[in-house]
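All remarks here apply to the structure that follows.
The values are calculated or read from the model by the stated rules, or taken from the named source; none is laboratory data. From a predicted model like this one, the values you see are computed outputs, not experimental measurements. Quick reminder, even Gly has a Cβ in these numbers, built from the backbone with ideal geometry, and neighbours come from all protein chains shown. Areas reflect the complete protein model, heavy atoms only, side chains present, ligands, DNA and RNA absent. Shrake-Rupley method; radii C 1.70, N 1.55, O 1.52, S 1.80 Å.
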Amino acid sequence: MANNQVSSNNNQQSEEAPHLHRKLKARHLNMIAIGGAIGTGLFVASGGTITGAGPGGALVAYGAIGVMVFFLMQSLGEMATYCPTSGAFEVFATRYVSKSFGFAQGWNYWYNWAITVAAELVAATIVMQYWFPESMVPAWIWSLLFLIILFVLNAFTVRGFGESEFWFASIKVVTVIVFLVLGLLMVIGILGGKSPGFTNFTRGDAPFVNGFWGIMGVFMIAGFSFQGTEMIGIAAGETQDPETNVPRATRAVFVRILLFYIGAIAVISFLIPYTDPALLQGASADSDTAQGFTEAVTKSPFTLLFERAGIAVAAGVMNAVILTSILSAGNSGMYVATRMLYSLAKEKKAPAVFARLTSHGVPIVALIVTSLVGALCFATSRVGTGQVYVWLVNASGLAGFITWMGIAWSHYCFRRAYKAQGKAVEELPYKALFYPAGPIIALVMCAIVVVGQSLDVINGDFSILSFLGIYIGLIFFLALWIGHKLITRCSAVKPEEADLSRHV
């Protein structure tokens with residue numbers, strides 16, 4: 001009788017204890033991933049990819065990266081549906097590969113997005129100088145304002161974050177759809193005068209400029225453009241009915257993002273020749289300064305096409321859209337970094353204080369620390385030459401690809417464990433397509449991107465500093481992985497012993 005009463009009291013306390021709330025709906029999940037993947041890479045940098053590889057080369061490169069992301073999303077969708085947790089990649093890597101690999105994956109993902117929040121604060125201040133020069137309003141005022149906004153959006157409920165991200169991402173989606181519709185009307189000759197037809201695909205060295213290496217150069221850029229799609233895995237831990245919504249989002253997000261990127265590149269390729277001086281100027285603009293960023297936006301393919309369609313204030317509109325994109329990326333980055341730090345604390349891989357939740361299910365200490373780290377990283381951009389900030393950003397440069405490789409490898413190990421423990425694949429709530437080819441191909445393609453980052457340095461004026469600048473993030477990841485392994489002496493997870501429970 002006493003034991004039953006104790007058990008009842010424990011259950012009641014467990015039910016009353018703060019916990020993450022499943023408040024995100026399917027529409028929120030879709031937009032979180034879209035918001036993370038659509039940004040300046042599409043709105044500004046897309047012209048440079050066509051200039052570098054030609055219309056055909058750009059389409060091939062983005063198509064190849066799209067295939068890789070498809071396989072990754074299939075792998076992630078299967079694991080996140082089976083075990084929806086905010087720890088996602090860290091939990092999967094820990095359970096199916098090794099504790100050390102999970103430790104490195106979790107901290108890698110956290111610092112990646114914590115630093116990205118700082119990078120978005122820098123970008124936001126640059127964008128604001130389009131309307132308010134620094135002589136009028138100091139840049140740090142804008143960064144502080146935007147940091148407060150991002151903190152508030154994440155501080156109260158996950159539903160508040162989901163709603164804000166839904167509307168931030170919706171602005172980007174609407175912009176891309178309008179661009180595609182206007183572009184299609186111009187391609188078929190209904191708007192903007194006579195259609196150029198396929199002439200831009202046969203001009204000069206088109207469709208494939210600079211051959212194989214031109215495609216490889218864009219391949220590297222395109223890989224960075226798609227990063228953020230993996231946020232579905234983090235958000236799955238706070239999503240309503242994950243067995244239904246996660247697979248649906250996995251399929252829908254991939255199709256929409258690929259349609260937006262491939263569709264936009266195709267429209268630009270038809271309407272603007274790769275030799276267009278405006279594209280060349282936009283591609284060569286220094287977007288790290290206010291003047292350079294303004295020039296990049298002014299010469300952006302989106303701005304050029306909107307101007308040709310008769311939208312007189314196209315540059316101002318695109319600047320506003322890009323500001324929204326920056327806030328969206330910062331908002332998503334703040335969310336996933338906070339949840340990963342919370343998960344690390346729950347798994348005893350970070351101080352327990354980071355696992356504290358408010359009554360509304362928000363890991364407030366993890367949020368505060370992530371915000372402070374973002375603010376400190378931003379501050380380094382204002383000190384001296386900003387070299388510390390450059391190295392911090394470089395450290396996060398390959399972190400996304402490391403995460404993707406971890407997803408592919410964790411999925412491969414998950415399936416091995418699932419079969420080794422006598423479970424039927426048909427019983428999985430969501431089954432990834434093309435296993436085992438999918439995760440293996442994705443792993444190899446990610447490795448090609450990582451190795452390919454150094455080609456320019458090796459083929460040009462090689463220097464140790466330049467090489468380290470590219471791979472400092474990879475070095476940091478390996479140091480975390482190997483260091484944890486040496487200290488804990490933990491071994492790789494055997495398939496027969498892997499934790500296949502569906503809850504964390």
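When residues in region 178-213 are screened for being hydrophobic (A, V, I, L, M, F, W, C) and not in a helix (DSSP H, G or I), 7 of them pass. Take the conditions (1) within 24 Å of S164 (Cα to Cα); (2) touching a residue at least 12 places away in the same chain (Cβ under 8 Å); (3) surrounded by fewer than 23 Cβ atoms within 10 Å (Cβ to Cβ); L372 misses just one of them, which is (2). K349 meets the conditions (1) buried (at least 16 other Cβ atoms within 10 Å of the Cβ); (2) in a helix (DSSP H, G or I) in every case but one. The failed one is (2). Among the criteria (1) in contact with a Phe, Trp or Tyr (Cβ under 7 Å, 6 or more places away or on another chain); (2) closer than 25 Å to F401 by Cα; (3) crowded, with 24+ Cβ neighbours inside 10 Å, the one T250 does not fulfil is (1). Test D499 against the stated conditions and say whether it is acidic (D, E) and closer than 25 Å to M231 by Cβ. Yes: the conditions hold for D499. When L153, L121, L147 are checked against the criterion of being touching a helix residue (DSSP H, G or I) at 6+ places or on another chain (Cβ under 7 Å), among the hydrophobic types (A, V, I, L, M, F, W, C) and modelled with pLDDT under 90, L121 stands alone in meeting it.
Out of L29, L20, I need the residue that is in a loop (DSSP other than H, G, I, E, B) and either more than 30 Å from A315 (Cα to Cα) or at pLDDT 95 or above (or both). Which one? Let's see the steps before the verdict.
Numbers: L29 fails: in a loop (DSSP other than H, G, I, E, B).
Exactly one of L29, L20 is in a loop (DSSP other than H, G, I, E, B) and either more than 30 Å from A315 (Cα to Cα) or at pLDDT 95 or above (or both), namely L20.
Going through G361, G330 one at a time, which residue ends up being open to solvent by less than 10 Å² (accessible area, probe 1.4 Å), in contact with a Leu (Cβ under 6 Å, 6 or more places away or on another chain) and not in a helix (DSSP H, G or I)? Walk me through it before giving the result.
On the way: G330 fails: not in a helix (DSSP H, G or I).
From the options G361, G330, the qualifying one is G361.
Checking L344, L357 one by one, the residue that is in contact with a Gly (Cβ under 7 Å, 6 or more places away or on another chain) and more than 19 Å from L29 (Cα to Cα) is L344 and no other.
Would you confirm, using the coordinates I've provided, whether F434 is among the aromatic types (F, W, Y), out of contact with any Cys (no Cβ under 9 Å at 6 or more places or on another chain) and either open to solvent by less than 30 Å² (accessible area, probe 1.4 Å) or modelled with pLDDT of 95 or more (or both)? The answer is no for F434.
Would you check which residues across region 196-240 are hydroxyl-bearing (S, T, Y) and either surrounded by fewer than 15 Cβ atoms within 10 Å (Cβ to Cβ) or free of Cβ contacts under 8 Å to residues at least 60 places away in the same chain (or both) and list them?
First, the residues of region 196-240 that are hydroxyl-bearing (S, T, Y): 199, 202, 225, 229, 239.
Of everything in region 196-240, those that are hydroxyl-bearing (S, T, Y) and either surrounded by fewer than 15 Cβ atoms within 10 Å (Cβ to Cβ) or free of Cβ contacts under 8 Å to residues at least 60 places away in the same chain (or both) turn out to be T199, T202.
Among the residues of region 305-314, the one identified as small (G, A, S) and surrounded by 19 or more Cβ atoms within 10 Å (Cβ to Cβ) is A314. Checked against (1) open to solvent by less than 10 Å² (accessible area, probe 1.4 Å); (2) within 17 Å of G400 (Cβ to Cβ); (3) modelled with pLDDT under 95, I115 passes all but a single condition, namely (1).
Every residue in region 37-55 that is open to solvent by less than 10 Å² (accessible area, probe 1.4 Å) and closer than 21 Å to R203 by Cα, please. Explain how you work it out, then say what you get.
First pass over region 37-55, keeping only residues open to solvent by less than 10 Å² (accessible area, probe 1.4 Å): 37-38, 42-43, 46-47, 49-50, 53-55.
Across region 37-55, the qualifying residues are S46, G47, T49, I50, A53, G54, P55.
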